[in-house]
Each structure stands twice: as C-alpha cells, then as structure tokens.
1. Which of Lys28/Lys127; Lys48/Lys147; Lys45/Lys108; Lys45/Lys173; Lys116/Lys173; Lys48/Lys108 have a Cα-Cα distance over 18 Å?
2. Using a simple charge model, +1 on the beta-carbon of Lys and Arg, -1 on the beta-carbon of Asp and Glu, nothing else, what dipole does region 27-100 show about its Cα centre, in debye to the nearest 20?
3. What is the magnitude of the charge dipole of region 79-183 about its Cα centre, with +1 placed on the Cβ of each Lys and Arg, -1 on the Cβ of each Asp and Glu, and no other charges, expressed in debye to the nearest 20?
4. Over region 22-178, what relative contact order in percent results from Cα pairs under 8 Å that are six or more residues apart?
Amino acid sequence: MSLRTTVAAMAAVLSLALPVASSAAEMKVAYVDLQRVLLEVDDGKAAKTRLQKWLEDKQKEIDKEQSALRAEKEALDKQASAMAADVRGQKEAELQRKVMTLAQKWEKSRAEAANKERQEMEPIINKIDQVVASIAQRDDLGLVLEKRDSGIVFAKAQYDISNEVIRAYNSSKKTAAKDAPTK
C-alpha cells in the first residue's frame, strides 16, 4: 500500500471517529437502583406484602407437619423396644418416607415461591422500565445504567434518578386510577 493510500485511509477513519467521540463526550448518563425502586414503589410494597404472607402461610404449614413428624418419631423411639424388629423396621421406613415427602414439599414450595415472586414482580419491572425510558427521553439521557448489574463501583448521587423513577411510577398509578371510568 502506498503512503498516499495509507494517509487517505487514516484521514477517512479520523473524520468518522471525531464526530462519534465528540458526541460520546456530550452524552448524558444516569443510573437507577432498580432493587430499591422495586421495593419502594407502591405496587412493589404491596407485592412484597402479598409474597411475605404467602411465604408465612407455607412456612406454618411445613412447621406443623414437621412438628407432627417429630412427635411421631419420639413416640416410635419410646415404643421401639417393645416392638418386633420387622414392625419397628416398617414403622421407621414409613417415617422416613414421610420425612422425604416433607423435604420434597419444602423444595417444591421454594420453587413455587421463586415463580410466584417472578410473576408478581415482572409487570412492576416492565412498568418501571417504561418510566425510566420516559425520563431518559424527557431529559435527553443517552444512557441509563442499573446500579447493581452495571458494575458501578462509585457514581455521584446527582446521576441517580431512582427517587424520580419512584415518584413518577407512583404518580402514574394515581393518575391512571383517577382517569379510570367510574361505575
């Protein structure tokens, strides 16, 4: 390649890179703490309360069954010496099956809780994304980062739009309720 071709290619690359570099230097950036927003918006608080109640009910149910199994084991331990070996073995096997069934129920409850949380939070997160997008459009933000997932180690508080997202989300719900047709 000749010197003239190399210089022309470099000039072309620089002419394309300079506008991009100057626009990147002027780009406005903000961040949002999505986890905090999710816990502080009205819908998020209500969903968290519903999930907590559901979890407490499930835990009470499992605790009740666990107590019954403990009592059954204690009764078996007391009566074990008076039982025939084959009867004792049969009772121990039955108790072990019940313990395994309870463990499976607990695991199923954990999976169900994770699924329930995802179902409760997904529409709220979608609405939060819409609110963030509208704030970004309004304020001409070129980039909005999520505080925890973006790897932000430090950022000035002036770039945090979390409070504004919470206010906008809650006020949009109140406006929608006020504009809804009444019966």
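1. Going by Cα-Cα distance, Lys28/Lys127; Lys48/Lys147; Lys45/Lys108; Lys116/Lys173; Lys48/Lys108 fall outside the 18 Å limit.
2. 120 debye
3. Dipole about the Cα centre, nearest 20: 440 debye.
4. 55 percent
FYI, it's all coordinate maths here, none of it is from the lab. Because the structure is predicted, anything quoted here is derived from the model rather than measured. A quick note on method: Cβ atoms are made from the backbone with ideal geometry, for glycine too, and the neighbour counts reach across all protein chains shown.
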